[in-house]
Amino acid sequence: IERPTGGDVYSVTDAMRRGDQIRALINRLSALATPEAELEINRLLGLPALYKLKHLLEATRHELKQRRRESEFRFLSPLEVAQVLANQAPASIADLAALALDILDDIARDIRQGNDDGFRAFWNIENKQRTSPREENLCRDALLTRLRTRLDPLGVDCQPEADYANDKRADIRLSYQTRFGLPIEIKRDSNVSLWSALRDQLIGQYAIEPRAYDHGIYLVLWFGGEGMPRATDGGKKPRSPEELRTRLEAQLDPLEQRRIFIRVLDVSWPA
């Protein structure tokens, strides 16, 4: 939006006409229902000059997502149904998320109950004793190794530091062919953004990627709760992985709960 040059000023009628033109262009973006249109809406939302149109842009983005889901919906083929029932290759982003969650739950059991003491991979150790939790990137790498062992045979690619819009990077992205891409954001229980990253990062930056279809996994590493930042929901510090998961899930609205999933992986050192 530019002002006229040469000292001219807009009349009220000119301003109204331009406002109508801008709204018409935004409505055209909504009608396109394409990933590119959604990215453009997100770009416009970040422009300070359009802050007065924020509610219109947000409503348009919501309508666009609905149109995309409707236009892209299709029934699974018999082969894809068979793959889902056999717990093989994912047939949709929801199926990929369900597969990832099932494997993460399996990894969680291995870490606590396996004979390899899997929790040790998440700690700095000297003389066979813990000294401190490992940094998040090293914890991610340890988890990535376990994920790849299970997902590679199914053709699901696991990559760290995946690129997203505005040069943002999710900790892990699971992708199947070029059809689906599921972001996983990882935080230690002591991370200062523990309570905010679910919405600010996973939902606001990664799940909006076209191939994610608003899906994502927020994975917290539970080291015992020491150093955990103050909870933003007004409650006391969670005392268990289960309580932390419940409190984080309470941040999601009913629609988000169908697409954004929380897991708290207990990697604490046994008493």
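The values are calculated or read from the model by the stated rules, or taken from the named source; none is laboratory data. Since we're looking at a predicted model, the values are computed, not measured. With ideal geometry, Cβ positions are generated from the backbone for all residues, glycine too; neighbour counts draw on all protein chains shown. In case anyone asks, the SASA skips ligands and DNA or RNA and just uses the protein heavy atoms, side chains included. Shrake-Rupley method; radii C 1.70, N 1.55, O 1.52, S 1.80 Å.
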Under 13 Å from the Cα of LYS54 - aspartates and glutamates, other chains or at least 8 residues apart: none
Sequence of ARG112, ARG23, ARG247 when ordered by accessible area, the most exposed leading, probe 1.4 angstrom: ARG23, ARG112, ARG247
Could you sort the peptides 27-38, 44-55 by per-residue average Cβ neighbour count (10 Å cutoff), highest mean leading? 27-38, 44-55
Can you send over the carbon and sulfur percentage of the accessible area for region 201-258, probe radius 1.4 Å, protein chains only? 48
Determine which lysines satisfy two conditions relative to LYS168: a Cα distance under 16 Å, and not lying fewer than 8 residues away in the same chain. LYS187
So with the 1.4 Å probe, I'd like the accessible area per residue for region 158-271, rounded to whole Å². 46
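Give me the net charge of ARG239's neighbourhood, meaning all other residues with Cβ under 12 Å from the Cβ of ARG239; Lys, Arg count +1, Asp, Glu -1.
Neighbourhood net charge equals -1.
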With a ≥ b ≥ c the root eigenvalues of the C-alpha gyration tensor of region 129-207, is it rounded (a/c under 1.5), prolate (a/b larger than b/c) or oblate? oblate
